[in-house]
Every structure is written in C-alpha cells, then in structure tokens.
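Peer 1: Encoded as structure tokens, here's the structure I'll be asking about.
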Amino acid sequence: MQIAFLVTHIRAEEKLLLTAFAEAGVEPDVILDRDINIDLVAGPDQHAPSGRPWSEYDLVLERCVSTSRGLYLLAILNRWGIRTINTYETASICSDKLQTTLALATAGVNQPETRVAFTPESAMGAIERVGYPAVLKPTTGSWGRLLARVNDSDSAEAIIEHRQTLGDYNHHTYYVQSYVNKPGRDIRAFVIGGRTICAIYRNSEHWITNTARGGSASNCPVTPELDEICQRAAAAVGGGILAIDVLEDSNGELLINEINHTMEFRNSSAPTGVDIAAEVVAYALAQAEVVA
C-alpha cells in the first residue's frame, strides 16, 4: 500500500496524523506542495518529489494550507484516476461558501437565509431583504477572517464601500446571511466516512466563536438530531473527512453554517476523548485498501 501525504508544512495536526500512521504500521511519503513541479501533459507516470511515480499511489491525503494549491492538485490527481481524500469535487464545494450553500439547499439541509449580490446597490438590497443584523462574508476564506456583522444601513454602506474600493474581485461578490443569535457558542462536528465521530462546542463571548479567534472548546454530545443533520450535510457535499460548523438558533433549531474539507482538530481530541487523528488514518487506510 502506497500513500502520499500532501502538505504545505507540518503543523500540529500533521504531526498527529503522522504519529497515527506510524501506530498503524504505515509510513506515507510526505510531499511538500512547494516541491511539486508537474508536467500537465505527461500524465500520472511521472515522478512525484518523493521519487515515486504518482500512478503508484493508492491514496493521496491532501492537507495543504493553501486552498488554491490543494484544489489544483486534487483536480490533477483525480483527473489521472488517483484516489484522494478529499476529492476535488468535495473540496471545490467546501472551499466556496456559495457553492456549499447551493449544495445544502439542493439537499434540503437547514441553513441560515443566504443571498448573493454583485454590486454595492444590489448588496444593500440583499442586506435589507435578509434584515438587520446581517452577516457579510467572503465566499472563500477560513478562521473567521473578514466576517462583518452589520447592524444598520450606515455600517452596511461603509463596509461595502471599503470592500468595493480596497478589495479584489473576490470581495465584489457579496455573500449575505441572516444573523443567528447563538447561545454564546456554536458546534463543530467531525464527520468521517458518513459517521459523526464527535463534536465540540466553541464557546465565546464574541459573536465569532472560531477557536482561531479565541473560542474555547468543550465536549458537545452527538445527539441523534445533530448526527442526522451532519450526515445529511456531509452527503450533500460528497462526503469524506469533514468538519461541519453548526449553529443553534433561539428556538434550538440546528442550522449548517459552513463545511471544512481540510479541518483542524488539535483542540478537539482532548475535550471529546476521541482520537481524531486515528479515526482519519483508519478511514484513509480503508479507502486505500479499496485500490491496493
């Protein structure tokens, strides 16, 4: 069995995954994305930086920090018929909030009201249709960056003007969501191969509860309701190894907020008691055995 571990650099999660691979008796080839130089015409028999032909890999586990590098590499490898986790299809949906929203809507999965607009004028109209407060997000990005809660028309106009003037074309797509009044927390659930293996509450006094922005993690029980909506959300984007962000509204109803295809989990194993790295590796090895 030949496995490639495709990374930008070795973070805490990658160290945990390499340890889990070693405990399973497997030593994957670690390939840094900065070392890759692919001939797009030559095909999969050309050698990877590891010295092994790409075609010999039973599985490539993609963990690139750079979304664009990861997406392009998944596109190439999948076109060559090489199995990857996650697939390009899943990654391309999850890396784009608008595409995620469409996938969830098609599958009938509960989510906040969401609109899209492309000019300052239509963006103001979208915000007013959603109602104040509303949340403006970039369609791509992570770690809770560049989110804005707009409480009135003055703040909305100011943020839109700044994005229109200072942002690039990506910031001229206005993705607008209704604000969900969370109970001081949201939920991050981990779904691997269609199983919701564990979940955490991300607690914060700030309305942005990401742990990257200072939120603290505590165990969240995986109730049948949480499991059901997370499994449906995972299936809507193609499945694999996913972290699903879930909001609780004022009535306790669960809403899917975002889905992450290269999840971080360093702060989640301890509070949940679940060895997430071991679960990821077990799933990866099972997928590799399908090909080997």
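The values are calculated or read from the model by the stated rules, or taken from the named source; none is laboratory data. Note that the structure is predicted; figures quoted are calculated from it, not measured. Counting neighbours? That spans all protein chains shown, and the Cβs are built from the backbone with ideal geometry, glycine included.
Peer 1: So which of 174, 132 is in contact with an Asp or Glu (Cβ under 9 Å, 6 or more places away or on another chain) and not assigned by TED's automatic domain parsing to the domain that holds residue 245?
Peer 2: Working: 174 fails: in contact with an Asp or Glu (Cβ under 9 Å, 6 or more places away or on another chain).
Only one candidate passes the filter, namely 132.
Peer 1: Can you name every residue in segment 72-91 that is outside any loop (DSSP other than H, G, I, E, B) and surrounded by fewer than 20 Cβ atoms within 10 Å (Cβ to Cβ)? Let's see the steps before the verdict.
Peer 2: Just the residues of segment 72-91 that are outside any loop (DSSP other than H, G, I, E, B), to begin with: 72-79, 84-85, 88-91.
Across segment 72-91, the qualifying residues are 72, 75, 76, 78, 79, 89.
Peer 1: Just name the residue that is modelled with the highest pLDDT out of those in segment 263-285 that are assigned to a loop (DSSP other than H, G, I, E, B) and aliphatic (A, V, I, L, M).
Peer 2: Taking segment 263-285 as the starting set, the residues that turn out to be assigned to a loop (DSSP other than H, G, I, E, B) are 263-268, 273-275.
Next, only the ones that are aliphatic (A, V, I, L, M) stay: 263, 274.
Details: 263: 92, 274: 97.
Checked segment 263-285; the qualifying residue modelled with the highest pLDDT is 274.
Peer 1: May I pose another question? From 120, 112, grab the single residue that is touching a Leu at 6+ places or on another chain (Cβ under 6 Å) and either basic (Lys, Arg) or over 22 Å from residue 26 (Cβ atoms) (or both).
Peer 2: Numbers: 120 fails: touching a Leu at 6+ places or on another chain (Cβ under 6 Å).
Exactly one of 120, 112 is touching a Leu at 6+ places or on another chain (Cβ under 6 Å) and either basic (Lys, Arg) or over 22 Å from residue 26 (Cβ atoms) (or both), namely 112.
Peer 1: Can residue 146 be described as closer than 29 Å to residue 85 by Cβ and either touching a His at 6+ places or on another chain (Cβ under 8 Å) or at pLDDT below 90 (or both)? Can you show your working first?
Peer 2: Numbers: closer than 29 Å to residue 85 by Cβ: yes; either touching a His at 6+ places or on another chain (Cβ under 8 Å) or at pLDDT below 90 (or both): yes.
So residue 146 passes the test.
Peer 1: Give me the pairs, please: first residue somewhere in segment 99-120 and more than 16 Å from residue 249 (Cβ to Cβ) and of a type outside the set (Phe, Trp, Tyr), second residue anywhere and at pLDDT below 95 and surrounded by fewer than 18 Cβ atoms within 10 Å (Cβ to Cβ), beta-carbon distance under 6 Å, and either six or more positions apart or on two chains.
Peer 2: Going by the 6 Å Cβ cut-off, the qualifying pairs are 120/164.
Peer 1: Check 106, 67 and return the single one that is at pLDDT 95 or above and of a type in the set (Ser, Thr, Tyr).
Peer 2: 106 is the lone residue from the list that is at pLDDT 95 or above and of a type in the set (Ser, Thr, Tyr).
Yes/no per residue for (1) within 20 Å of the chain's Cα centre (by Cα); (2) touching a residue at least 12 places away in the same chain (Cβ under 8 Å):
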| site | (1), (2) |
| --- | --- |
| 251 | no, no |
| 254 | yes, yes |
| 259 | yes, yes |
| 264 | yes, yes |
| 267 | yes, yes |
| 271 | no, yes |
| 279 | yes, yes |
| 289 | no, yes |
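Peer 1: Within segment 220-262, how many residues turn out to be in a loop (DSSP other than H, G, I, E, B) and farther than 12 Å from residue 188 by Cα? I'd like the intermediate steps shown before the answer.
Peer 2: From segment 220-262, those in a loop (DSSP other than H, G, I, E, B) are 220-223, 237-240, 249-253, 261-262; that's our starting set.
Those left that are additionally farther than 12 Å from residue 188 by Cα: 223, 237-240, 249-253, 261-262.
Adding up the residues that qualify gives 12.
Peer 1: Filter segment 139-184 for residues that are in contact with a helix residue (DSSP H, G or I) (Cβ under 6 Å, 6 or more places away or on another chain) and in a loop (DSSP other than H, G, I, E, B); which is surrounded by the fewest Cβ atoms within 10 Å (Cβ to Cβ)?
Peer 2: Residue satisfying both the conditions and the ranking: 143.
Peer 1: Let me ask another. Quick one: is residue 239 outside the structural domain of residue 148 (by TED's automatic domain parsing) and in contact (Cβ under 8 Å) with a residue 24 or more places away in the chain? Don't jump to the end; show me each part of the working.
Peer 2: Values: outside the structural domain of residue 148 (by TED's automatic domain parsing): yes; in contact (Cβ under 8 Å) with a residue 24 or more places away in the chain: yes.
Criteria met by residue 239.
Peer 1: Give the residue, chosen from 16, 61, that is over 16 Å from the mean Cα position of the chain (by Cα) and either surrounded by 14 or more Cβ atoms within 10 Å (Cβ to Cβ) or in a strand (DSSP E or B) (or both). Even if it seems obvious, please write down each step before you answer.
Peer 2: Working: 61 fails: over 16 Å from the mean Cα position of the chain (by Cα).
Answer to the check: 16.
Peer 1: Taking into account only those residues within segment 92-109 that are of a type in the set (Gly, Ala, Ser) and under 15 Å from residue 263 (Cα atoms), which is surrounded by the fewest Cβ atoms within 10 Å (Cβ to Cβ)? Give the derivation first.
Peer 2: If we filter segment 92-109 for residues that are of a type in the set (Gly, Ala, Ser), which is where we start, we get 92, 95, 103, 105, 107-108.
Checking the rest, the ones that are also under 15 Å from residue 263 (Cα atoms) come to 92, 95.
Values: 92: 18, 95: 21.
Filtering segment 92-109 for residues that are of a type in the set (Gly, Ala, Ser) and under 15 Å from residue 263 (Cα atoms), the one surrounded by the fewest Cβ atoms within 10 Å (Cβ to Cβ) comes out as 92.
Peer 1: Taking segment 100-114 on its own, how many of its residues are farther than 17 Å from residue 230 by Cα and part of a helix (DSSP H, G or I)?
Peer 2: 0
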